[in-house]
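Data first, discussion second: the structure below is written as structure tokens.
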Amino acid sequence: IGITGTKGKTTTSYMVRSILEAMGKKTGLIGTNGAIIGGERIPTANTTPESYLVQEYFARMVEAGCTHCVMEVSSQALMLHRVGGILFDIGLFTNIFPDHIGPKEHESFEEYLYYKSRLLTICKTGVINLLSEHYDEIINDHTCQLVTYALEDETTGEQKADFVGNHVHYASNHEFVGIEFDIHGGMNGRVRVGMPGKFNADNALAALAVCSLALKKEREQAPDPEGFDAAMRQALFNVRVDGRMEIVHVSKTCSVIVDYAHNAVSMESLLTTLRAYKPKRLVCVFGCGGNRAKDRRYSMGEIGGRMADFCILTADNPRFEKNEDIIKDIETGMAKTNGSYMVIPDRRDAIFYAVHHAKEGDMIAIIGKGHEDYQEIEGVRHHFLDREVVEDAVREMESQNA
């Protein structure tokens, strides 16, 4: 199963894998967060590794007893033949927006779209969002059977796609933060996804469409097809993607989300998504990487000041810069707003402060590092994983209150 698209590749690949595993299929994975073969996780330098590595991972998956593999297929991989010679059973095209256009990537959006759409010429069945911009151009050269999905407004009343999602609801309480929607067509029922944001309803709908096709024979042979479908939907309830809208703590007091958002666009998108849950207070803990463009610091400071109720400015990966200089640049952006903030240079201290001083109804977003398990300071990488630090802070708080 190959997945391409500008956004949603990693999350959707994890959703597909979660469903297949829940249905008893040992499934390997290749993508941005690494390759997973059995219980082993292998770091990958690229979203889609070089062709000889892809083939090596396939072989190791077979040896490990995997029956399925789900992998991210980047436009670069399609252009550079990293998936040459592979005929995918299912190819998923999530969406396309201008990205990866530049001297070392694609010359133009047209070239980017062309290579993305090559996936639909090397798969047996192609799954695509019917509401995608450039839909007609994407399917122009397809050689596969097409299956469509669409997250439609409940008022349209027209079921044009093969898999339709509607009646989207932003769910948030002291036990669950995520998204809910109804699915119709190729599958029917209510879906609850343990990840926030309407785009994750899109991702979940795509994952269910893909898995319905991948497990079609099993479903047809199942004594209870409706129960089979319900088990697939249930697999999404607890789905987690390391550092991507990852809910790491939910309680009566607050919920804490860890996300990789490390530039202005992704930060604004994340905070807009969390605002839809109407938290009493949206708190954002972030810094910026050293030895990177200063514009990112100014813009992230401005977005934090404008969109969060309270920000805690801290370290990210300072690299070879002084952390205090990076924070001053962020403050330059904050100064353009009336945003409330404080500075806690040590990232661990900043996360502890946010958790320990949470007020009822808070939603705390810890952003910038996501799945990264290190902090780079003066050329040295020290172990650091935001999720683990949140768990430490919660444990300490609970022991103090015991």
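Run residue 124 past the list (1) in a strand (DSSP E or B); (2) touching a His at 6+ places or on another chain (Cβ under 9 Å) and report the number of the one that doesn't hold.
It fails just one condition, (2).
Taking residue 20 and the conditions (1) under 26 Å from residue 197 (Cα atoms); (2) touching a His at 6+ places or on another chain (Cβ under 6 Å); (3) open to solvent by 10 Å² or more (accessible area, probe 1.4 Å), which numbered condition does it fall short on, given that it satisfies the others?
The one condition residue 20 does not meet is (3).
For the range 127-143, state whether one or more residues are in contact with a Leu (Cβ under 7 Å, 6 or more places away or on another chain) and either within 25 Å of residue 247 (Cβ to Cβ) or in a strand (DSSP E or B) (or both).
Yes, the range 127-143 contains a residue that is in contact with a Leu (Cβ under 7 Å, 6 or more places away or on another chain) and either within 25 Å of residue 247 (Cβ to Cβ) or in a strand (DSSP E or B) (or both).
Pairs, please: C-beta under 6 Å, at least 6 apart or cross-chain, first residue under 17 Å from residue 208 (Cα atoms) and in the range 161-174, second assigned to a loop (DSSP other than H, G, I, E, B)?
Short answer, once both residue conditions are applied: 161/130; 162/186; 163/186; 164/152; 166/152; 166/154; 167/154.
Quick one: in the range 77-119, of everything that is of a type in the set (Asp, Glu) and open to solvent by less than 70 Å² (accessible area, probe 1.4 Å), which residue is nearest to residue 139 (Cα to Cα)?
So, considering only residues that are of a type in the set (Asp, Glu) and open to solvent by less than 70 Å² (accessible area, probe 1.4 Å), the one nearest to residue 139 (Cα to Cα) is 111.
Going by what's in this entry, would residue 178 be described as in contact (Cβ under 8 Å) with a residue 40 or more places away in the chain and farther than 20 Å from residue 92 by Cα? Walk me through it before giving the result.
Details: in contact (Cβ under 8 Å) with a residue 40 or more places away in the chain: yes; farther than 20 Å from residue 92 by Cα: yes.
Against the criterion (in contact (Cβ under 8 Å) with a residue 40 or more places away in the chain and farther than 20 Å from residue 92 by Cα), residue 178 qualifies.
Whether any residue in the range 77-86 is of a type in the set (D, E, K, R) and either at pLDDT 95 or above or touching a Pro at 6+ places or on another chain (Cβ under 9 Å) (or both) is what I want to check.
Of the range 77-86, the ones of a type in the set (D, E, K, R) are 82.
Restricting the remaining residues to those that are either at pLDDT 95 or above or touching a Pro at 6+ places or on another chain (Cβ under 9 Å) (or both) gives 82.
Yes - at least one qualifying residue is present in the range 77-86.
I need a count of the residues in the range 297-322 that are surrounded by fewer than 19 Cβ atoms within 10 Å (Cβ to Cβ) and assigned to a helix (DSSP H, G or I). Steps first, please.
Here is the first cut: in the range 297-322, the residues surrounded by fewer than 19 Cβ atoms within 10 Å (Cβ to Cβ) are 306, 309, 319-322.
Keeping just the survivors that are assigned to a helix (DSSP H, G or I) gives 306.
Total meeting the criteria: 1.
Return the total of residues in the range 47-72 being part of a loop (DSSP other than H, G, I, E, B) and under 27 Å from residue 213 (Cβ atoms).
7
Can you pull out the residues in the range 47-75 that are surrounded by 17 or more Cβ atoms within 10 Å (Cβ to Cβ) and either in contact (Cβ under 8 Å) with a residue 40 or more places away in the chain or in contact with a helix residue (DSSP H, G or I) (Cβ under 8 Å, 6 or more places away or on another chain) (or both)?
47, 48, 49, 66, 68, 69, 70, 71, 72, 73, 74, 75
Could you run through the range 333-375 and say how many residues are crowded, with 19+ Cβ neighbours inside 10 Å and of a type in the set (Asp, Glu)?
Selection size over the range 333-375: 1.
Could you run through the range 182-231 and say how many residues are part of a helix (DSSP H, G or I), more than 14 Å from residue 150 (Cβ to Cβ) and open to solvent by 20 Å² or more (accessible area, probe 1.4 Å)? So that I can check it myself, show each step before the final result.
Within the range 182-231, the first condition is being part of a helix (DSSP H, G or I), and the residues that meet it are 198-214, 216-221, 225-231.
Then keep just the ones that are more than 14 Å from residue 150 (Cβ to Cβ); that gives 200, 207, 210-214, 216-221, 225-231.
Next cut, open to solvent by 20 Å² or more (accessible area, probe 1.4 Å) only: 213-214, 216-221, 225-228, 230-231.
So the answer is 14.
Taking into account only those residues within the range 25-40 that are under 23 Å from residue 5 (Cβ atoms) and modelled with pLDDT under 95, which is most open to solvent (accessible area, probe 1.4 Å)?
32
The values are calculated or read from the model by the stated rules, or taken from the named source; none is laboratory data. From a predicted model like this one, the values you see are computed outputs, not experimental measurements. Glycine gets a Cβ as well: all are built from the backbone with ideal geometry, and neighbour counts include every protein chain shown. Just the protein is used for accessible areas: all its heavy atoms, side chains included, with ligands, DNA and RNA removed. Shrake-Rupley method; radii C 1.70, N 1.55, O 1.52, S 1.80 Å.
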